[in-house]
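Asks: Sharing a structure here in structure tokens format.
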Amino acid sequence: MPKSKEYVSTDDDSSDEGMKPKKKQKREIEDKEEKVSKKLKSESNKDESNKDTVWDLGNNRQISVRDFKGKLYVDIREMYYDKEANLKPGKKGICLNVTQWKKLLSVMDDVDKAVKSKS
């Protein structure tokens, strides 16, 4: 009875699958290194731009002004610490575009008066 193709192996199939041309391996390594360096550069740029545009409200809450897809947003958000003790934005919060932010500012006096009258 003949053996199935699954159990029969040839030397040509196994050697070709495990080996890649050296040029291709080198290109893949260079691409990975380039992606890592670009990521590090973009993270450092983000850190520099966010230093001036983040205000701490206490109790792990922050207000930040940032640019996303070419539009400006005001983000009021709760923050949390991840496993590596890095401060990251949480789910709870609100992100306002410039129009919404201006509307909030225009009613701020009325809201403040209402808060003072109830307290």
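Asks: Leaving ligands, DNA and RNA out of it, work out the accessible area of Y81 with a 1.4 Å probe and give it in Å² to the nearest 10.
Replies: 140 Å²
Asks: What shape does the stretch 53-118 take by its C-alpha gyration tensor, where a ≥ b ≥ c are the square roots of the eigenvalues and a/c under 1.5 counts as rounded, a/b above b/c as prolate, and the rest as oblate? All intermediate terms of the calculation are to be shown ahead of the outcome.
Replies: Values: a/c = 3.14, a/b = 1.41, b/c = 2.23.
Here the stretch 53-118 falls in the oblate category.
Asks: Do any of K69/K102; K71/K113; K69/K92; K71/K103; K71/K118 go past 26 Å between their Cα atoms, and which? Before the final figure, lay out each step's value.
Replies: Values: K69/K102 20 Å; K71/K113 32 Å; K69/K92 22 Å; K71/K103 17 Å; K71/K118 37 Å.
In this structure, K71/K113; K71/K118 lie more than 26 Å apart at Cα.
Asks: Related question: Give a residue-ordered list of calculated ³J(HN,Hα) values for the stretch 58-67 (Karplus: 6.51 cos²θ - 1.76 cosθ + 1.60, θ = phi - 60°; whole Hz; x for Gly, Pro).
Replies: Per-residue couplings from phi come out as x, 6, 6, 10, 9, 10, 9, 10, 8, 9 Hz.
Asks: Cβ under 9 Å from G90's Cβ, G90 left aside: what net charge do those residues give with Lys, Arg +1 and Asp, Glu -1? The partial results should precede the final answer.
Replies: On the way: positive: R77, K88, K91, K92; negative: E78.
For residues surrounding G90, the net value is +3.
Asks: Just to confirm, what accessible area per residue do you get for the stretch 53-118 at 1.4 Å probe, in whole Å²?
Replies: Ligands and nucleic acids excluded, the result is 84 Å² per residue.
Asks: Rounded to the nearest 20 debye, what is the charge dipole size of the stretch 53-118 about its Cα centre when +1 sits on each Lys and Arg Cβ and -1 on each Asp and Glu Cβ? Let's see the in-between values first.
Replies: Values: 14 positive and 9 negative charges, 46 e Å.
Roughly 220 debye for the stretch 53-118.
The values are calculated or read from the model by the stated rules, or taken from the named source; none is laboratory data. The structure displayed is predicted, hence computed values, not measured ones. Every residue, glycine as well, gets a Cβ built from its backbone with ideal geometry; the counts of neighbours run over all protein chains shown. The area values use the complete protein model at the heavy-atom level, side chains included, leaving out ligands, DNA and RNA. Shrake-Rupley method; radii C 1.70, N 1.55, O 1.52, S 1.80 Å.
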